[in-house]
Each structure stands twice: as C-alpha cells, then as structure tokens.
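Structure record follows, encoded as structure tokens.
What follows draws every value from the coordinates through simple rules; no lab data is involved. Remember, predicted model here, so these are calculated numbers, not experimental data. Here the Cβ is made from the backbone with ideal geometry for all residues, glycine too, and neighbour counts use every protein chain on show.
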Amino acid sequence: MPGEQMANPDDKPPARPLDSIDRDIVRMLRADGRASIRSVAERVHVSRANAYARINRLIDDGVIRGFSARVDQERAGQGASAYITLKIVQNSWRTVREQLRQLPGAAHIALVSGDFDVLLLVHTEDNRSLRELVLTRIQAIPEVLSTRTLLVFEETDLDSEL
C-alpha cells in the first residue's frame, strides 16, 4: 500500500529517557550485577516493586543488555591483550564482523572512522598465541586489507557515569 514502509526486524523502539533513579539503578548494577532487588530499592529509595519494574523496563528497552562478570584477563590465563586495527574492503563490515566474532579471545569489535575501519580487542594466552591469531586467522580473512597490532601493557576498567 502507498505510504506504508516495510517493518525492519532490527528496528528498535525509540529509547525512553532515563531519570535520575534509572541512572542510579544502572550505575549500581554496573558496579554489582548481582545486587538484589531489595538492596537496589533501598539504595535508590523506591519500593521493591518499583525497582523490579524499572529494571525490567531497562532490560526491555535494551538499556541493560545483560549481566556479566568483570574478569581479570591475566589472572584468567589470558596474559596478552591487544587492540588490532583493520582496514577492510568497502561494504564488507557485516561479513568481517561475523568472522571476527568467531575468533577465540575476541572481546570487542567496533566499526570506526579514521585511518582504519575496525577496532578489535583480543585477549590471548601469550604473545605466541596473539601472533598466530593475527597472522593466520585475521589476515586470512579475504576482506581484511591490512592490520596493525597495539599491545596492551596495562588496563583499567572505568565505571562510566550516566
């Protein structure tokens, strides 16, 4: 019909604005994803039912995408970390992203602007494993034109403010 648009399954409803209580809840859960509803409610001064409803809304809206543990990579046996920049064939982002997702130790993938196209964070057991990952797995992807590896000497997680 004229004027109708095809629904895109990837389209998300527009995000609802977060108020100060929502931001406090997100901040708390970022610091401790295992916090109980009761403790969240007490710390933000709302009822347990209100805290429960807000957390579910934040999940439903996609603000909270999940809960996970913050891992010390070195203590977990992943002693080498690196940011790898990639230049890729134009319009190959989706294909490359899917292949990078399959890599062991891939922790973060971003399409970026500037001198390179993709920024990839990886954690590996040691430098030999890192070398193998870059030279035999990443550079073997046909759409990858070039790579550059930046070793991470030290990391610090930052809790972002909302």
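For SER92, nonlocal amide neighbours, meaning residues 5 or more places apart or on other chains whose placed amide H falls under 5 Å from its own, do not occur. Shown here for segment 81-162: GluC sites (Glu not before Pro) in loop regions (DSSP other than H, G, I, E, B) with at most 10 other Cβ atoms within 10 Å, namely GLU154, GLU161.
With the charge dipole of the chain set up from +1 on Lys and Arg Cβ and -1 on Asp and Glu Cβ about the Cα centre, the Cα lying farthest toward the positive end among the listed residues ALA69, ALA106, VAL89 is that of ALA69. Computed about its Cα centre, the charge dipole of the chain is approximately 320 debye, with only Lys, Arg, Asp and Glu carrying charge at their Cβ. Scalar couplings 3J(HN,Hα) for segment 51-65, obtained by applying the Karplus form with A = 6.51, B = -1.76, C = 1.60 to θ = phi - 60°, are 4, 4, 5, 5, 4, 5, 5, 5, 6, 4, 6, x, 5, 9, 8 Hz; x denotes Gly and Pro. Karplus-based coupling profile of segment 18-26, in residue order and whole Hz: 8, 8, 5, 5, 4, 5, 5, 5, 4, with θ = phi - 60° in 6.51 cos²θ - 1.76 cosθ + 1.60 and x standing for Gly or Pro. When a/c is below 1.5 the answer is rounded, else prolate if a/b is larger than b/c, else oblate, so apply that to the chain with a ≥ b ≥ c taken from the square roots of the Cα gyration tensor eigenvalues. Oblate is the answer for the chain, as a/c is 1.5 or above yet b/c matches or exceeds a/b. The loop-placed trypsin sites (Lys or Arg not before Pro) in segment 63-126, going by DSSP, that have at most 10 neighbouring Cβ atoms within 10 Å of their Cβ come out as ARG65, ARG70, ARG75.
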